[in-house]
1. Would you call E43 under 29 Å from L169 (Cβ atoms), open to solvent by 70 Å² or more (accessible area, probe 1.4 Å), outside any helix (DSSP H, G or I) and out of contact with any Cys (no Cβ under 6 Å at 6 or more places or on another chain)?
2. Name the residues in region 193-218 that are over 15 Å from L243 (Cα atoms), part of a helix (DSSP H, G or I) and either in contact with a His (Cβ under 8 Å, 6 or more places away or on another chain) or not polar (S, T, N, Q) (or both), would you?
3. Within region 175-192, work out how many residues are outside any loop (DSSP other than H, G, I, E, B) and surrounded by 12 or more Cβ atoms within 10 Å (Cβ to Cβ).
4. Read through the list (1) in contact with a Pro (Cβ under 8 Å, 6 or more places away or on another chain); (2) modelled with pLDDT under 90, then give the number of the only condition that F211 fails.
5. Can you find a residue that is part of a strand (DSSP E or B), surrounded by 18 or more Cβ atoms within 10 Å (Cβ to Cβ), in contact with a strand residue (DSSP E or B) (Cβ under 6 Å, 6 or more places away or on another chain) and not polar (S, T, N, Q) anywhere in region 113-124?
6. When you look at M68, is it out of contact with any Gly (no Cβ under 9 Å at 6 or more places or on another chain) and not in a strand (DSSP E or B), yes or no?
7. Assuming W130 fulfils every condition listed in (1) over 23 Å from N71 (Cβ atoms); (2) open to solvent by 50 Å² or more (accessible area, probe 1.4 Å) apart from one, which condition is it?
8. If you take the residues in region 245-258 that are in a strand (DSSP E or B) and touching a residue at least 12 places away in the same chain (Cβ under 8 Å), which one is most open to solvent (accessible area, probe 1.4 Å)?
Amino acid sequence: MKPQDFDVYKNMLYAKSGYVIGIDKAYLLESRLAPVIKKHGIENMDMLTAKLRGAAPQALIDDIVDAMTTNETMFFRDQKPFDKFRDVIVPNIIKAKGAGCTIRIWSAACSSGQEPYCLAMLMKENAMKWAGVKFEILATDLSREILDQARAGKYSQFEVQRGMPIMMLVKYFTQTGETWTIKDDIKTMVQFKQFNLLDPMEQFGTFDVIFCRNVLIYFDQQTKGKILEKMAKRIHKHGYLLLGGAETVLGITQSFKPLEGERGVYAPV
């Protein structure tokens, strides 16, 4: 791909989503956009590029952004954040807010829903211990298509084999052939909504916990800072922010501080 053609996609993705894609990822364009080209009846990549240089339909632009910003996820990814949520974060919030409180959780960039569903399953597993506590889970993503998959709660055999404990799989899913579907009592615990992290966040109110894992790595430093500053205004003083293992707030924002001995867990300043 010619550098000037690559720039068309790079600039559009940055403007629409804040995502930064380097020339070393040019190979992803052709592989990920092949279904988009087919869906819109476009002859080839060159013709797609030509359309983007002109007045491209919004539906086409949305599909390109969806294809390039949808990231891989899995059930109980990295496991430790979920252990921290169960063993440290929820008990500390209950201590701060009192018995019978409501704990609001935001799973940002939730992709196909594995993260928020895992949180819902943890709540079911610990229902006796957390009796009287109400939980609200908001899960957002930029991609409408991936959110449709999340709402359906249907996963392949391969997807459920990656990280899902067998006892929880049997307990919280129903199987039809090679497809596993989240049961309704788990599904109804999560509210899914389309949202761009570049947009204002006031509409969501405030949260006790924000999961924003493995997404900031796709933004430049300035955009990371803006997103974290907005999140700092949406989180309670007793709240927690969880980032991916390769992500940090250090050198980006002073609105959060790392919790000593808790990798990937941050508290508002």
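The values are calculated or read from the model by the stated rules, or taken from the named source; none is laboratory data. These numbers come from a predicted model, not from an experiment. No Cβ is skipped: glycine too gets one built from the backbone with ideal geometry, and neighbour counts run over all protein chains shown. Please note that ligands, DNA and RNA were not included when accessible areas were found on the heavy atoms of the full protein model with its side chains. Shrake-Rupley method; radii C 1.70, N 1.55, O 1.52, S 1.80 Å.
1. Details: under 29 Å from L169 (Cβ atoms): no; open to solvent by 70 Å² or more (accessible area, probe 1.4 Å): yes; outside any helix (DSSP H, G or I): yes; out of contact with any Cys (no Cβ under 6 Å at 6 or more places or on another chain): yes.
Considered against the rule, which asks whether it is under 29 Å from L169 (Cβ atoms), open to solvent by 70 Å² or more (accessible area, probe 1.4 Å), outside any helix (DSSP H, G or I) and out of contact with any Cys (no Cβ under 6 Å at 6 or more places or on another chain), E43 comes out as no.
2. The answer is E202, F204.
3. 10
4. (2)
5. Among the residues of region 113-124, not one is part of a strand (DSSP E or B), surrounded by 18 or more Cβ atoms within 10 Å (Cβ to Cβ), in contact with a strand residue (DSSP E or B) (Cβ under 6 Å, 6 or more places away or on another chain) and not polar (S, T, N, Q), which makes the answer no.
6. Numbers: out of contact with any Gly (no Cβ under 9 Å at 6 or more places or on another chain): yes; not in a strand (DSSP E or B): yes.
Spelling it out, M68 is indeed out of contact with any Gly (no Cβ under 9 Å at 6 or more places or on another chain) and not in a strand (DSSP E or B).
7. All conditions pass for W130, except number (2).
8. Within region 245-258, the match that is most open to solvent (accessible area, probe 1.4 Å) is K257.
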